[in-house]
Amino acid sequence: ATNGTSPTPVTLGTFSPSGGNYNIKVWTSAPNASTDGNPNNDTAYKTLGQGLSGTYTIGGGGNYNTFTDAVNDLKNKGLCGAVVFNVSNGTYSEQISIGAIQNVSSSNTITFQSKNGDSSKVILTYPSSLTGNGNYVVDMNGTSYITFRKITISRTGNSGNGVVFYIHGGSSYNTITHCQVIGAKITSTSTQFANIYSPGDLDNY
């Protein structure tokens, strides 16, 4: 809220979650004791939950069906400790976009790894195409302290865009280890087909 040019603080109090997700809705009414001239922009929504910590399973009837489900939970809940996602054998045809995760740190790390330790049995893949939501299988935008271990990450097809990892936005301290990173089957020196691509921003360590 504003009063002239000075912000007016609003105290909401505290709430202790008991597990699960909570849908938070916040809205304003009668700003400055007047009629709202544009009531279409006065409401915000957010799904929140207790931060993740410990070991979870993706696929195979585990905690999450897909990488996307797990990443969405990370975005909504953040971390309360280090997290490991053990990925069951299978092919996961999806692309994931990971941003800055709340409370991630050198001790609160995130690991995606093959459950049985065989990279050929866990495949995260997305077709190479001119259409779609972006040129990547894994988009890391301002993402830190994430490890991919013993997983195959690939682009299928032989045309269009073929980046596998798109790392940008100041992403730091990320690790890709003992993985198979497989690009599109095309002869090109264009960065749009790079297996691991970072543009001109600072993505360190």
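Answer yes or no as to whether LEU79 is at pLDDT 85 or above and under 23 Å from THR109 (Cβ atoms). Explain how you work it out, then say what you get.
Numbers: at pLDDT 85 or above: yes; under 23 Å from THR109 (Cβ atoms): yes.
So LEU79 passes the test.
Is it true that THR143 is under 20 Å from the mean Cα position of the chain (by Cα), modelled with pLDDT of 95 or more and surrounded by 15 or more Cβ atoms within 10 Å (Cβ to Cβ)? Give the derivation first.
Working: under 20 Å from the mean Cα position of the chain (by Cα): yes; modelled with pLDDT of 95 or more: yes; surrounded by 15 or more Cβ atoms within 10 Å (Cβ to Cβ): yes.
So THR143 fits the description; yes.
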Looking only at strands (runs of 3 or more DSSP E) that fall completely inside segment 55-105, which ones have 1 or more residues that are under 14 Å from the mean Cα position of the chain (by Cα)? 79-87, 96-98
Could you list, in sequence order, all residues of segment 59-90 that are open to solvent by 20 Å² or more (accessible area, probe 1.4 Å), within 14 Å of GLN113 (Cα to Cα) and of a type in the set (S, T, N, Q)? THR66, ASN86, ASN89
Among the residues of segment 91-100, is any open to solvent by 70 Å² or more (accessible area, probe 1.4 Å), among the small types (Gly, Ala, Ser) and touching a Lys or Arg at 6+ places or on another chain (Cβ under 8 Å)? no
Please enumerate the residues belonging to segment 90-107 that are within 19 Å of THR57 (Cα to Cα) and without any contact (Cβ under 8 Å) to a residue 40 or more places away in the chain. GLY90, THR91, TYR92, SER93, GLU94
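I'm trying to understand the selection: among the residues of segment 135-169, which are assigned to a loop (DSSP other than H, G, I, E, B) and under 15 Å from ASN204 (Cβ atoms)?
Kept after step one, since they are assigned to a loop (DSSP other than H, G, I, E, B), are these residues of segment 135-169: 135-137, 142-143, 145, 150-151, 157-160, 162-164, 169.
Those that are assigned to a loop (DSSP other than H, G, I, E, B) and under 15 Å from ASN204 (Cβ atoms): GLY142, THR143, TYR145, GLY169.
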State whether one or more residues within segment 106-122 are more than 18 Å from SER88 (Cα to Cα), in contact with a Leu (Cβ under 7 Å, 6 or more places away or on another chain) and surrounded by 13 or more Cβ atoms within 10 Å (Cβ to Cβ). yes
Could you list, in sequence order, the residues of segment 20-53 that are within 21 Å of the chain's Cα centre (by Cα), assigned to a strand (DSSP E or B) and surrounded by fewer than 10 Cβ atoms within 10 Å (Cβ to Cβ)? ASN23, TYR45
Give me the pairs: first residue in segment 145-174 and on the phi > 0 side of the Ramachandran plot, second residue not in a loop (DSSP other than H, G, I, E, B) and not small (Gly, Ala, Ser), beta-carbon distance under 7 Å, and six or more apart or on different chains, which are they? TYR145/ILE110; LYS150/GLN113; GLY157/PRO127; GLY169/ASN141
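The values are calculated or read from the model by the stated rules, or taken from the named source; none is laboratory data. Since we're looking at a predicted model, the values are computed, not measured. Neighbour counts run over all protein chains shown; Cβ positions are idealised from the backbone, glycine included. Heads up: the accessible areas ignore ligands, DNA and RNA and are worked out on the full protein's heavy atoms, side chains in. Shrake-Rupley method; radii C 1.70, N 1.55, O 1.52, S 1.80 Å.
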